[in-house]
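This report concerns only the one structure given below.
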Amino acid sequence: MEALTNSDRGDEGLKKVVSVLGCSVLSVSMLMGAAPAADQKIRSAEVKNQPGAAALGANQQVQSIQVKDGMTQPVFKLDEAITETVFVEVPLDSDGDGKKDRVHADIIRPKETAAGLKVPVIYEMSPYRAGIRNVPVYNVDHELNAVKKGEGKSALQAPNAADLPGYYDNYFVPRGYAVVLAESIGTGKSTGCPTTGDYREILGTKAVIDWLNGTASAFDESGKKITADWTTGNVGMTGVSYNGTLPNAVAATGVKGLKTIVPIAAISSWYDYYRGNGAVTAPGGYPGEDADNMADAILTRENPEVCRPVIEELTEGQDRASGDYNKFWEGRDYARKAHNFRASVLMVHGLNDWNVKTKQFSQLWEKLGTYHVPRKLWLHQGGHSSPYSFRRDEWLLTLNKWFDYHLYDIKNDVMKGPMVDIQREDKSWHKEKDWPAKKTSDVKMYLSSGEAAGTGRLGLQAGSKERRNQSFTDNAAIHAENLVKEPSEHNPNRLVFTTTELKKPLRISGTPEISIKASINKPAANLTALLVDYSEDSSGKIVTRGWMDPQNIHSPGKSKALMPGKSYTFKWDMQPDDYVFEKGHKLGVVLISSDYDYTIRPEAGTEINVDLAKSHVTLPVKNGAKGF
């Protein structure tokens with residue numbers, strides 16, 4: 001979360017924790033190139049409410065922002081910028097020491113702000129600036145509903161530098177912005193305790209915005225009270241992973257002064273980060289991580305032992321035994337509070353991000369649309385990463401215009417045109433009006449038996465009721481990537497269903513869903529559905545997947561005891577996606593029980609018997625059934 005703790009964990013696997021300020025990554029000229037002086041003229045018509053220049057003397061004025069082509073230009077000197085450290089008071093005492101928590105923040109701003117220039121703020125809150133601790137994670141090789149802590153080393157990793165905080169100060173301070181980089185409660189020099197995204201962390205994040213708007217207090221290292229009289233109070237938040245999640249969290253409070261957020265690879269519901277329809281799941285490649293050991297890993301403040309009761313509170317609240325959605329998770333569900341958003345949103349997510357999975361952007365995007373929140377979306381073919389690493393020039397241009405428009409009220413074209421930029425499989429970029437894609441509709445595909453046991457057809461028409469029942473046996477030790485191979489052959493640990501060869505490319509855009517009528521020979525099991533792209537040589541590529549605890553048959557919030565051998569109808573979603581199956585390929589659905597990389601791994605042997613005649617998958621297909 002700059003990555004999510006284990007986090008970031010980004011695609012490049014960098015483990016170095018970036019420093020806060022002055023860690024110059026690229027010079028301004030390398031990032032964008034300084035415009036010739038002749039071109040750096042203020043276009044007052046493009047600025048609705050530009051801060052006025054304060055008089056220095058009879059014939060002198062403070063340097064003000066300059067705008068060209070709807071964008072602020074680099075006219076302020078970074079090497080002359082003012083840097084300062086403050087400790088912002090938070091209206092709570094999360095560590096119970098009798099004192100209000102304080103958030104440590106470093107600030108860099110143009111020197112002209114000391115002479116009356118008022119500037120907006122680009123703000124990033126992070127739990128990772130002081131690194132992370134090596135803590136135990138949960139053992140996942142056990143029977144379902146057995147809660148045991150592992151004794152191994154932590155699988156949590158330091159965040160990578162995917163969002164390169166250095167470019168915030170290098171790029172934006174010369175353009176007339178202040179940059180605030182803060183440490184979340186319980187981390188680094190901040191006091192309090194980390195709580196993995198609940199109201200305490202949110203209040204810690206919000207306090208900085210309140211201070212910038214004059215409604216909270218801050219102090220320097222000597223204890224002297226400090227005011228932010230150099231800012232307009234307009235704040236934009238951004239960050240990758242956990243650093244992008246906190247903007248979602250604080251925007252959901254409707255805090256005054258937060259004008260826009262740019263969440264990248266960010267969480268909108270912590271439940272969906274660590275659970276899947278009642279099943280205890282993990283971020284991709286990080287089995288055993290949960291909300292409590294996440295907080296424990298980022299607990300880098302002095303005297304961390306004072307936070308032990310808080311960590312124990314998280315362990316109890318997350319209810320790893322049942323996996324149910326409860327009040328603990330509700331308080332960490334920001335999509336549920338989308339109606340509170342006042343800030344505009346520029347959202348970025350990788351379609352192949354299995355750390356912060358695609359449901360995180362999809363559910364928030366939909367809710368923001370319901371409440372008419374100004375928004376735009378970038379979807380790319382990468383994983384847990386920032387556009388700075390793969391579309392840098394376009395990203396910096398967009399970000400420049402975005403912050404100018406929402407923080408300086410500069411008229412430009414950033415909010416015009418289609419809402420979505422999406423990268424296709426060939427790495428080309430396209431613009432679309434919305435997401436899911438227009439003219440997408442649900443298509444029900446039926447399961448029917450094939451020639452070999454455990455195989456079958458996937459089609460628009462229901463199959464014969466003969467041989468309607470097929471069964472498979474769980475073996476959590478086998479990776480899903482191996483279970484999707486050779487779709488025409490019998491494999492006792494899966495059921496596989498494929499379409500005929502596609503006569504034209506077929507695009508899905510949205511959330512696939514599965515419904516099966518099945519019986520299970522044990523009271524607890526995992527259920528996993530895989531959507532697979534089979535090429536001409538029958539090699540299978542997993543496009544997306546989804547999980548369910550069958551005991552959550554009615555709701556993620558309540559487990560129900562199941563009777564072994566009795567048939568039930570189980571329905572669950574897969575992770576949202578936007579994917580094009582090529583002409584000549586086959587679309588496949590594979591049913592397995594445990595998913596080695598994501599679920600608990602019980603002993604092999606659980607048997608699931610599926611009634612094919614009463615089972616189907618629903619796919620979001622561009623042009624509906626005509627897409628086939």
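Accessible surface comparison of Glu89, Glu302, Glu489, probe 1.4 Å, protein chains only, largest first: the order is Glu302, Glu489, Glu89. The string of couplings for segment 264-269 from the Karplus curve (6.51, -1.76, 1.60, θ = phi - 60°) is 10, 6, 10, 7, 10, 8 Hz, one whole number per residue in order, with x for Gly and Pro. If the Kirkwood radius is taken over C-alpha pairs of segment 541-628, then at 4 °C and 1.567 mPa s the Stokes-Einstein diffusion coefficient equals 82 µm²/s. Contact order, relative form, for segment 220-379: 28 percent (alpha carbon pairs under 8 Å, 6 or more residues apart, mean separation divided by residue count).
Working from the Cα coordinates of the chain, the gyration tensor eigenvalues give, after taking √(5λ), semi-axes of 47, 29, 18 Å in decreasing order. Dipole orientation for segment 408-561: of the candidates Pro556, Leu447, His490, Pro556 has the Cα lying most toward the positive pole (charges on Cβ; Lys, Arg +1; Asp, Glu -1).
Sorting the segments 348-355, 114-121 by their mean number of nearby beta carbons within 10 angstrom, highest to lowest, gives 348-355, 114-121. Protection proxy ranking of 469-481, 277-289, by the mean of other Cβ atoms within 10 Å over each peptide's residues and highest first, is 277-289, 469-481. The packing ranking of peptides 385-392, 370-377, highest mean first, is 385-392, 370-377, where packing means the average number of other beta carbon atoms within 10 angstrom of each residue. Counted over segment 315-401 with a bin width of 10 Å, the fraction of Cα pairs per bin, in whole percents, is 15, 36, 34, 12, 3. Sequentially through segment 340-347, phi angles give Karplus couplings (6.51, -1.76, 1.60; θ = phi - 60°) of 8, 4, 9, 7, 6, 9, 10, 9 Hz, Gly and Pro residues having no value and appearing as x. In the distance distribution for segment 396-443, Cα-Cα pairs more than 16 Å apart total 55 percent. Mean separation of Cα pairs under 8 Å and 6 or more residues apart, divided by the residue count, gives segment 176-226 a relative contact order of 17 percent.
Taking 24 Å as the limit for the C-alpha separation, the pairs Lys118/Lys416; Lys259/Lys622; Lys367/Lys416; Lys206/Lys337 exceed it in the case of Lys118/Lys416; Lys259/Lys622. A crude spin-label estimate for the pair Glu425 and Asp79, with each label 7 Å from Cα along the Cβ direction, gives 5.1 nm.
Rounded to the nearest 20, the Cβ-based charge dipole of the chain about its Cα centre (Lys and Arg +1, Asp and Glu -1) stands at 1920 debye. Taking amide H atoms as placed 1.01 Å from N in the peptide plane, the amide H of Arg494 lies under 5 Å from those of Thr473, each 5 or more residues away in sequence or on another chain.
Can you tell me the 0 to 90 degree angle between the C-alpha axis of helix 242-251 and the longest principal axis of the chain, rounded to 10? The helix 242-251 is inclined about 80 degrees to the chain. Near the amide H of Val543, within less than 5 Å, lie the amide hydrogens of Leu531, Val532, Asp533, all on another chain or at least 5 residues away, with H placed in the peptide plane.
Using only alpha carbons, segment 428-502 has a radius of gyration to Kirkwood radius ratio (Rg to Rh) of 1.11.
Short-range pairs are left out: with C-alpha atoms under 8 Å and at least six residues apart, the relative contact order of segment 209-289 is 24 percent. To the nearest ten degrees, helix 199-212 and the longest principal axis of the Cα atoms of the chain are 30 degrees apart. When the solvent-accessible area of the chain is split by element, carbon and sulfur atoms take up 48 percent of it, the probe being 1.4 Å.
Computed from the Cβ-Cβ distance with R0 of 41 Å, the FRET efficiency linking Tyr371 to Asp141 stands at 0.40. The residues of segment 259-369 have, on average, 28 Å² of accessible surface per residue, using a 1.4 Å probe with all protein chains present.
Phi-derived couplings, Karplus 6.51 cos²θ - 1.76 cosθ + 1.60 at θ = phi - 60°, listed residue by residue for segment 443-455: 10, 8, 10, 9, 9, 9, 6, x, 6, 9, 4, x, 10 Hz, with x used for Gly and Pro. Excluding residues fewer than 8 places away in the same chain, name every one of the aspartates and glutamates whose C-alpha is closer than 12 Å to that of Lys541. Straight-distance partners of Lys541: Glu481, Glu486, Asp533. Remark: C-alpha extents of segment 469-508 on the principal axes read 36, 24, 17 Å, sorted largest to smallest. Spin-label pair Lys444-His490: with each label point 7 Å from Cα along the Cα-Cβ axis, the two points sit 3.1 nm from one another. Could you work out how far helix 308-318 tilts from the main Cα principal axis of the chain, as a 0 to 90 degree angle to the nearest 10? Once rounded, one gets 40 degrees. Taking every DSSP helix (H) stretch of at least 4 residues in the chain, weighting each as -39,500 (n - 2.57) and dividing the sum by the residue count yields a mean residue ellipticity at 222 nm of -4000 deg cm²/dmol.
The H on the amide N of Tyr596, modeled in the peptide plane, is under 5 Å from the matching H of Ala480, each at least 5 residues off or on a different chain.
The values are calculated or read from the model by the stated rules, or taken from the named source; none is laboratory data. The structure presented is a predicted model; accordingly, all values stated were derived computationally and were not measured. Methodologically, a virtual Cβ is constructed for each residue, glycine included, from the backbone with ideal geometry; neighbour enumeration extends over all protein chains shown. SASA here: full protein model, heavy atoms, side chains in, ligands and nucleic acids out. Shrake-Rupley method; radii C 1.70, N 1.55, O 1.52, S 1.80 Å.
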